Amino acid sequence: MKILIYGLNYAPELTGTGKYTAEMAALLASRGHKVRVVCAPPYYPEWRVSAGYAAWRYRREERDGVSVWRAPLWVPSRPGGLKRMIHLASFAATSLPVLAWQTFWRPDAVLLIAPTLMCAPATLAIARLTRASAWLHIQDYEVDAAFELGLLKGSRAARFARWIESQLLRRFDAVSSITRQMSARATAKGVAPSKVVCLPNWVDVSTIYPLTRASEYRSELKLADGQKVVLYSGNMGAKQGIETLAEAAASLATRADLTFVFCGNGAARDSLAKRCAALPNCIFLPLQPAERLNELLNLADIHVLPQRGDAADLVMPSKLTGMFASGRATIAMARRGTALHEAVHARGVVVPPDNVKALVGAINALANDTERRAALGRAARDYAETALSPDTTISAFEERVGTLCRAAGRKRWKPSTTYFDARPSAVAVPHAKPATTEDAAPE
């Protein structure tokens with residue numbers, strides 16, 4: 001099939017949406033599909049266009065068997081509500097000529113990755129012009145998140161934005177998201193249940209795995225034997241609720257055997273660093289080389305995954321897959337009934353969002369219990385190997401797209417079975433290594 005993927009973020013970003021979009025494109029190309037991508041230059045999570053790219057220049061490149069077309073966009077140094085809207089609108093506008101050019105290619109399917117939904121009208125237009133199937137894949141519910149996280153305000157604006165969102169969603173041939181709860185939200189917004197698909201994010205368990213030795217970072221950071229590391233690695237933005245980690249670190253500052261390590265970048269990093277500046281138990285790391293990702297994740301004795309309570313089931317922290325694959329204990333902040341709670345509670349510790357006292361208690365308990373940390377790490381690793389394979393997600397996408405194409409009278413496609421090894425632990429996700437990365441997956 002000819003598959004056109006349209007989305008804001010792409011490799012060499014290796015966190016959040018860009019990571020999964022790039023891996024999906026590369027996997028589809030490796031299975032015999034012709035894949036093109038229209039995206040922006042890499043800028044996330046630093047909110048600064050990466051070296052070697054220009055914010056205001058069109059560019060075409062080949063990456064992992066995929067033709068990538070990049071359109072300019074405006075990147076604010078301090079993203080806020082209105083600035084984010086302008087940022088997203090700039091890409092939606094500048095990418096239109098590139099997208100229009102793809103009509104001559106006549107794709108069989110057009111896949112829009114959200115965010116941003118601002119690109120939905122153009123996606124639907126090119127799909128109708130070329131008689132292609134129109135598919136929307138939702139990594140974040142950006143409209144709901146913008147209002148519920150306070151990035152945008154106003155009840156009238158919220159009602160209007162959600163009405164527009166519902167009208168757009170209903171017009172796609174298929175709508176997917178990354179958890180059962182997020183997929184159900186699409187139905188609640190008016191999408192017919194027969195159109196809704198759950199396509200979970202995945203992890204390459206052959207590159208993220210438990211080490212049989214201590215991580216190299218322990219000696220580099222001069223951590224004593226027996227020192228326990230509480231690690232947060234990932235984007236530091238509005239949706240993460242990382243301010244609770246600063247309060248937890250302050251509460252545990254008298255415990256000499258605990259060190260908090262914060263690795264990553266994002267809009268909230270500076271404020272977090274200021275709050276922790278006087279704490280002797282906090283270490284901040286910049287973006288680390290991609291090839292050291294597994295070493296970084298294995299630095300943790302305890303992974304921590306904060307999340308604001310008002311972000312429940314609007315976003316699913318994609319960094320969770322790498323945390324599980326590393327085979328280390330995980331503490332997540334989530335409400336009962338949410339996708340994050342469902343994923344973690346059987347193989348980690350879950351505490352209520354925004355509850356610093358509960359988080360401190362969970363860290364203390366795990367820090368004092370080596371056997372429980374090991375048991376939770378094994379359970380998480382087992383889950384990553386058995387349930388987070390990319391083969392399952394890509395095969396489900398191929399099958400549904402093939403059905404849609406046949407229904408529309410497009411050419412028949414036969415699935416390939418030659419790419420993946422049958423063993424879950426041997427799944428290989430092709431990607432070009434970027435210069436730096438924060439975590440296994442973005443937030």
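Every number in this text was worked out from the coordinates using simple rules, so none of it is lab data. Quick caveat, the model's predicted, so the values are computed rather than measured. In this analysis, Cβ positions are derived from the backbone assuming ideal geometry, glycine residues included, and neighbour counts consider all displayed protein chains.
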Inset, instruction - Along Cα→Cβ, 7 Å out, is where each label goes; now give me the distance between the ones at residue 180 and residue 386 in nm to one decimal. - result: 1.6
Legend entry - Considering only the chain, percent of DSSP beta bridges that pair antiparallel, nearest 5: 15
Inset, instruction - Take each of the peptides 209-221, 112-124, 48-60, average the number of other beta-carbon atoms within 10 Å over its residues, and list them starting from the highest. - result: 112-124, 209-221, 48-60
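Give the Kirkwood hydrodynamic radius (Å, one decimal) of the range 216-386, defined as one over the mean of 1/r across all pairs of different Cα atoms.
15.9
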Legend entry - With eigenvalues of the C-alpha gyration tensor scaled by 5 and rooted, the range 158-198, Å: 17, 11, 7
Inset, instruction - Calculate for the chain the 222 nm mean residue ellipticity that helices alone would give, adding -39,500 (n - 2.57) per DSSP H run of length 4 or more and normalising by residue count, nearest 500 deg cm²/dmol. - result: -11000 deg cm²/dmol
Inset, instruction - Just the isolated ones, please: cysteines in the chain lacking another cysteine beta carbon under 4.7 angstrom. - result: 39, 119, 198, 263, 405
Legend entry - Equivalent ellipsoid dimensions for the chain as semi-axes, Å, which come from the Cα gyration tensor, largest first: 36, 24, 21
